[in-house]
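Here, each number is a calculation from the coordinates, and none is a lab measurement. In this text, all values refer to a predicted model and were calculated from it rather than measured experimentally. All Cβ positions, even for glycine, are placed from backbone atoms using ideal geometry, and neighbour counts span all protein chains on display.
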Amino acid sequence: MAKKPYYITTAIAYTSGKPHIGNTYEIVLADSIARYKRFVGYDVRFQTGTDEHGQKIEEKAAEAGISPKEFVDQTAGEIKRIWDLMNTSYDKFIRTTDPEHEKQVQKIFKKLYDKGDIYKGEYEGMYCTPCESFFTESQLVDGKCPDCGREVKPAKEEAYFFKMSKYQQKLIDHINKNPEFIQPESRKNEMMNNFLLPGLQDLCVSRTSFKWGIPVDFDPKHVIYVWIDALTNYITGLGFDADGRHDRLYMKYWPCDLHLIGKDILRFHTIYWPIMLMALDLPLPKQVFGHPWLIQSDGKMSKSRGNVIYADDLVELFGVDAVRYFVLHEMPFENDGVISWELMVERLNSDLANTLGNLVNRTISMSNKYFDGVVTNKKVNEDVDKELMDYALDTRIRVSKAMDKLRVADAMTEIFNLFKRCNKYIDETMPWALAKEEDKMDRLATVLYNLVESIIIGATLLEPYMPETSEKILAQLNAPKRKVNDLVRFGGYKSGTKVTETPEILFARLDLDEVMKKVEEMMPEPEPEPEPVDENPGIDIEKKEEISIDDFAKVQLQVGEVIACEEVPKSKKLLCSQVKIGSEVRQIVSGIKAHYSPEDMVGKKVVVVTNLKPAKLAGVESQGMILCAEDAEGNLALVTTEKEVPHGAEIR
């Protein structure tokens, strides 16, 4: 019977520099899922790769004094080296500079243009170079990029746009009908509430301000925007053809079963990408999983702070499987995980050296000491043996349930709980005591057999996460690799098999002080912090006469909530707001019409001068003053409170 296909992808890594361990986490996570799916019988296609176009690459190449292609060749090679170092089993490493990919991107762009879903216009907005994204003023957070927090600059250029809103409702319906489409649940709510339900704007899909990109073949001064270029790798890597002459891989594996991505690019994969596919009349991926970040214990990794942790440095100190164990086991399902050198040492010593390594070593050593390494099942079982057998067999089921929900850390915990149960079994049965009594030797043989069999079950289940360690354990026990169906019964280990004479130490305990000395030697000096440049010096105003605290105390300031607002008839500047302040409602007239509409005002919490004498403005009585800040160009911004406070609260 043919195996069921399963297609899993990572986001393609941006070739701006060497990936740190936080970037590397994703490929290891995807690899563990791919290996598990193969183990349980799927025909897996696992794709990763590199995203190689864009303004940031063009600038970095210029800084390095080489061509953009030379730059991405070097960086893509380094990324692939790290992926291979981490023993990842991808089937395809795609590069967006691959000729076939570039050809299909041009054909896809033209197809969408001919269909009327892409049109030419002009874009004006705030542009973030690192994210290669445009934003409106309202989308900025504290005047900066809402995705990465960096500075943005005004930009205006001719561009092609994609009609996102045309497919908005269709995507909303799809998400509602397919609750597993976006995972975890919190990510789905974020996409729906923050982006889809408020309404989508058309998406800028070409640029003219730089050249390092795939040209629009019918308008070559434009290069195709990075997200159409990058996202379509998931189908071009399978041999998708915009003219319909698809490769057999596309026909077999699309739609994708799982796009595994970082939570920071969820919007592009759950909104832009599905809408592109809808416009192309192609099936949508079955699931997009936005995983959390792996961050340094003292904050975000930064070259300038000298605290960037790279996978190859970790491997040099701890080994590949120890690093795989840490990044997979320590990452929560939804929240960010934390990595530090100290925590790595602690986990290696406690979980890997003690719980697992010591268990395997003790079991093999006792088999050699008492039976010359021959493991025989004498079947002299007691209740405690039945408990271990049941626990070992149930571990497969618990791991399966966790992996079905992509809870990789939980699956690994279940496997290590089995190893802990084996250690407890040794304490319960006390093989050293049994060895002192001649009539207990069959019982001792049974205990050691049950230990070996349980370890083999655990080692077999461990393979997707720690493949080298799994292989080493099975080799020392002289046990062939098992399939998932071999784990449904206890006793698969052939009685009379001989284990290795000298057990290999799987994980040696490490001394933290010695590790930290090595870390100091390998870590580069922090880059000097650049001199701060005040890009927003503010404005100076004419100073007024000083007042005392008593003078200030005469002004009563309170928080008010605007419950209604309308334009003042025959006035070009005034709005009349009904403001709830505690138990009363004040009518306040403000000269803010050029900056706020009545609809904008309703619901806002504002600061009000409440002991100002009433005055008439344009014939309308005003019972207070709403405070605003004004910049050098005369633009106004309402003064609000940092945190949510009730209307009527006094400001002091």
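Couple of notes before you dig in:
- Per residue, the average separation of C-alpha pairs within less than 8 Å and at least 6 apart gives the chain a relative contact order of 11 percent.
- The relative contact order of region 549-651, computed from alpha carbon pairs under 8 Å that lie at least 6 residues apart in sequence, is 31 percent.
- Listed peptides 271-283, 370-382 by packing density, highest first (mean Cβ within 10 Å): 271-283, 370-382
- Cα gyration tensor shape of region 549-651, rounded if a/c is under 1.5, else prolate or oblate by comparing a/b with b/c: rounded
- Amide H to amide H, with H built 1.01 Å from N, E158 comes under 5 Å of Y123, counting only residues 5 or more places away or on other chains.
- Computed lengthening from K436 to T502, 0.36 nm per intervening residue step minus Cα-Cα distance: 21.4 nm
- For region 34-49, Karplus couplings with θ = phi - 60° (6.51, -1.76, 1.60), whole Hz, Gly/Pro x: 4, 5, 5, 4, 5, 4, 8, x, 8, 8, 8, 10, 10, 10, 9, x
- Packing-based ranking of 427-433, 43-49 yields 43-49, 427-433, ordered from highest to lowest mean Cβ neighbour count within 10 Å.
- With Cα atoms, 0 to 90° folded angle of helix 467-476 axis to the chain main axis: 10 degrees
- Relative contact order (percent, whole number), region 340-498, Cα cutoff 8 Å, 6+ residue spacing: 31 percent
- Computed from the alpha carbon positions, the gyration tensor of region 126-260 leads to an equivalent ellipsoid with semi-axes of 27, 24, 14 Å, biggest first.
- Note, ³J(HN,Hα) from phi for region 439-445, Karplus 6.51, -1.76, 1.60, rounded to Hz, x at Gly and Pro: 7, 9, 5, 5, 5, 4, 4
- Global form of region 340-498, assessed from the alpha-carbon gyration tensor, a/c cut-off 1.5: prolate
- GluC sites (Glu not before Pro) within region 539-579, DSSP loop, no more than 13 other Cβ atoms inside 10 Å: E542, E545, E546
- Using the rule -39500 (n - 2.57) for each DSSP H run of four or more residues, divided by the residues of the chain, the 222 nm mean residue ellipticity is -11000 deg cm²/dmol.
- Amide H to amide H distances under 5 Å link I66 with no residue, where only residues 5 or more positions off or on other chains count and H is placed in the peptide plane.
- Amide H contacts of D43: K4, Y6, each under 5 Å away and 5 or more positions distant or on a separate chain (H built 1.01 Å from N in the peptide plane; Pro and chain starts excluded).
- Set K166/K263; K37/K92; K405/K481; K107/K263; K4/K405; K554/K613 screened for pairs whose C-alpha atoms are more than 21 Å apart: K166/K263; K405/K481; K107/K263
- Convex hull volume per residue in cubic angstrom - Cα atoms of the chain: 236 Å³
- Between D511 and S583, the distance separating the two model label sites (each 7 Å from Cα on the Cα→Cβ line) works out to 7.4 nm.
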